[in-house]
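**Student:** Quick one: this structure, given as structure tokens, is what I'll be asking you about.
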Amino acid sequence: MRDHRESEAAAGIANLTTIARIRAWLAGILELEIFAALHHPQYRLLWTSNVFSSMATWMDQVTRGWLIYELTNSSFQLGLVRGVQALPILLLAPIAGSTADRYSRKSQVMVSLVVDALLYGLLAVLIFARSIEPWHVYVSAVFMASVWTFQQPSRAAMVSDSVPPNALTNAIGLNAMMFNVARITGPALAGIIIAGWNTGGAYAVQSAFYVLAAIWNLKLREEKPASGGANGHAGHDEGFFQSIVTGWKFSWQNTEVRTGLLVVVYASFFIIPFNTLLPVFARDLLGVGAKGQGLLLTSMGVGA
């Protein structure tokens with residue numbers, strides 16, 4: 001009996017030692033210069049929130065396409081459901097940029113995360129209840145694209161709010177790294193979950209990820225008002241829609257910005273849309289199922 005207690009105590013001490021070593025190892029990694037932005041508490045909270053939301057976003061790249069293809073067996077509707085997601089982005093993006101300049105960015109992101117969590121949760125319930133219809137997928141796609149459009153400018157601006165200017169480049173780099181790590185792991189995780197528990201399980205996990213993202217976002221303090229504006233951000237002396245026009249004029253007149261926008265437009269129209277048809281390749285041509293589709297998208301993240 002005594003020997004048993006001594007062995008348990010020794011095992012407990014060994015576990016504590018292992019945990020201490022892991023913490024020391026992680027602390028050593030965070031001391032590296034490439035993780036300098038994570039030393040700022042506000043950025044660390046924002047970065048953690050972005051990890052969960054990015055995971056859910058990349059999981060949706062697999063889940064939504066697989067779900068609509070299962071329901072309709074139509075490659076046309078597979079493309080259409082992605083097309084309707086592009087409409088809110090095209091129509092609302094200019095408004096979202098001005099909104100991020102004028103109103104609380106934290107609140108806008110918070111509302112977006114909560115709406116996403118509810119919509120993903122609702123889809124999971126409908127799938128498990130065997131009540132899901134194609135129109136549910138279309139309507140949820142429009143709503144999710146709309147809130148995503150308002151979320152992204154605020155998130156991007158919050159990066160500069162959370163670190164001093166000399167750490168901004170490092171913070172942007174860490175965001176890009178996190179985005180591509182989520183791009184690697186998110187689709188693979190979605191494929192594994194769909195293979196084991198269907199698309200309802202994947203949407204349930206995505207909803208949980210958005211809840212976690214909202215919790216971390218809630219911990220952020222409200223950004224400090226910038227000088228020169230009545231409501232907290234510079235440039236409020238001109239009208240809302242006038243600021244949109246001003247932004248478009250600047251974007252087109254500035255050579256670097258215009259070139260960057262044209263590159264993104266070209267890639268968005270002629271390169272990136274190929275992944276819309278990955279469910280067709282994965283299920284009908286390659287016979288590898290949802291898990292294979294997830295790995296196909298994961299390979300894009302590895303390349304990035």
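What follows draws every value from the coordinates through simple rules; no lab data is involved. Just so it is clear, the structure is predicted and the values come from calculations on it, not from any experiment. Glycine gets a Cβ as well: all are built from the backbone with ideal geometry, and neighbour counts include every protein chain shown.
**Student:** List the residues of the stretch 148-179 whose backbone N lies under 14 Å from a point placed 7 Å from the Cα of Glu256 along the Cα-to-Cβ direction.
**Tutor:** Within reach of a label on Glu256: 169.
**Student:** How do 259-270, 157-168, 197-208 rank on mean C-beta neighbours within 10 Å, highest first?
**Tutor:** Most protected by this proxy first, the peptides run 197-208, 157-168, 259-270.
**Student:** How much length, in nm to one decimal, is gained on full extension between Ser268 and Leu168, taken as 0.36 nm per residue of separation minus their Cα-Cα distance?
**Tutor:** Length gained, Ser268 through Leu168: 33.3 nm.
**Student:** Moving to a separate point now. Quick one: what are the phi-derived ³J(HN,Hα) couplings along the stretch 183-188, Karplus 6.51/-1.76/1.60 with θ = phi - 60°, whole Hz, x for glycine and proline?
**Tutor:** 5, 7, 8, x, x, 4
**Student:** OK, next. Which ordering of Ile34, Ile89, Ile184, Ile127 is given by a fewest-first count of other beta-carbon atoms within 10 Å?
**Tutor:** The order, fewest Cβ neighbours first, is Ile34, Ile89, Ile184, Ile127.
**Student:** Also, I was wondering about something else. Please tell me the relative contact order of the stretch 40-303 in percent, rounded to the nearest whole number, where contacts are Cα pairs under 8 Å and at least six residues apart.
**Tutor:** Averaging sequence separation for qualifying contacts and normalising by length gives 35 percent for the stretch 40-303.
**Student:** In whole Hz and in residue order, list the ³J(HN,Hα) couplings for the stretch 203-209 that follow from phi through the Karplus curve 6.51 cos²θ - 1.76 cosθ + 1.60, θ = phi - 60°; x for Gly and Pro.
**Tutor:** 5, 5, 5, 4, 4, 5, 4
**Student:** I've got another one for you. Calculate the spin-label point distance for Phe179 paired with Val111, positioning each point 7 Å from the Cα along the beta-carbon direction, and give it in nanometres.
**Tutor:** 2.4 nm
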